[in-house]
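Participant: Provided herewith is a single structure, encoded as structure tokens, for subsequent inquiry.
What follows draws every value from the coordinates through simple rules; no lab data is involved. All values reported here derive from a predicted model rather than from experimental measurement. FYI the Cβ positions are ideal-geometry reconstructions off the backbone, even for glycines, and counts take in every protein chain you see.
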Amino acid sequence: MIEPRNPWRTLAIREVFDNPWIRVTAEDVLKPSGNPAIYGKVSFKNIACGIIPLAENGDTWLVGQHRYTLDLYSWEIPMGGVPRDEDTLIGARRELREETGLSARRWSHVLTCHLSNSITDEVGEVYLAEDLSQGDPDFDDSEELQIRRLPFREALDMAMNGDISDVLSVAGLLKLATLRPQLMSA
């Protein structure tokens with residue numbers, strides 16, 4: 001399939017904010033109609049990387065934490081930011097170990113998605129981690145996590161009923177449910 005041409009034209013880019021995690025720009029553009037506009041863009045310096053650890057019996061692990069930006073408690077698959085110049089699988093291994101203490105011998109890629117793509121360039125990756133062994137978690141100083149082991153079906157139900165609202169978690173759980181339908185009966 002041939003991709004259509006880009007109908008947007010960028011005239012100028014001004015940096016509005018920059019920190020170790022994001023860069024915000026105001027961009028003077030010509031819209032597809034040809035009319036001028038200012039487009040705000042949030043560029044992420046990391047790739048969001050989520051992991052679905054899966055035990056032989058069909059159990060998975062979630063982590064719970066208070067999310068400052070939303071001012072609410074959130075249950076999610078283990079995840080973290082992986083620098084754009086690092087292999088996401090290496091980052092996924094590190095994040096799983098840090099947040100749950102788990103290590104895995106078998107890894108497979110589940111999905112790539114673009115999160116809130118109307119205003120950000122954020123990319124999310126989800127991996128499946130299997131053949132697990134347990135160690136001790138090593139939270140960073142911005143994390144105060146609860147770790148919960150539960151049947152995969154229960155985690156999927158949490159995503160479907162809104163108890164899990166993080167988009168990378170919801171998308172990863174739904175995709176894995178379609179790839180591994182046998183998890184629905186476990």
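Participant: Lys41: which aspartates and glutamates have alpha carbons under 17 Å from its alpha carbon, excluding same-chain residues fewer than 8 sequence positions away?
Facilitator: Partners found: Glu15, Asp18, Glu27, Asp28, Asp121, Glu122.
Participant: Rg(Cα) of the range 24-78 divided by 2.2 N^0.38 Å?
Facilitator: Ratio of Cα Rg to 2.2 N^0.38 Å: 1.92.
Participant: I've got another one for you. For the chain, state what percent of all Cα-Cα pairs lands in each successive 10 Å bin, counting from 0 Å until the bin that includes the largest distance.
Facilitator: 9, 32, 31, 17, 10, 1
Participant: Report the full-extension gain for the segment Arg94 to Leu70: residue separation times 0.36 nm, less the Cα-Cα distance, to one decimal in nm.
Facilitator: Gain on extension, Arg94 to Leu70, equals 6.1 nm.
Participant: A follow-up question, please. Using the basic label-point model (7 angstrom from Cα toward the beta carbon), what is the Asn19 to Ala37 distance in nanometres?
Facilitator: So the label points at Asn19 and Ala37 sit 2.7 nm apart.
Participant: Given the -39500 (n - 2.57) contribution per DSSP H run of 4+ residues, what per-residue ellipticity at 222 nm results for the chain, rounded to the nearest 500 deg cm²/dmol?
Facilitator: After summing the helix terms and dividing by residue count, I get -6000 deg cm²/dmol.
Participant: Turning to a different aspect of this structure: Using a Förster distance of 41 Å, how high is the FRET efficiency between Asp163 and Asp87, based on the Cβ-Cβ distance and rounded to 0.05?
Facilitator: 0.80
Participant: For Tyr127, enumerate residues with amide H under 5 Å from its amide H, sequence gap 5+ or separate chain, H modeled in the peptide plane.
Facilitator: Gly50, Ile51, Ile52, Val110
Participant: Between Arg149 and Thr112, what length comes free when the chain is fully extended (0.36 nm per residue of separation minus the Cα-Cα distance, one decimal in nm)?
Facilitator: Separation in residues times 0.36 nm, less the Cα-Cα distance, equals 10.9 nm.
Participant: Considering the chain as a Gaussian network with a 10 Å cut-off on Cα pairs, which listed residue, Asp121, Asp18, Asp131, attains the greatest mean-square fluctuation?
Facilitator: Maximum fluctuation in the GNM of the chain, among the listed residues, is at Asp18.
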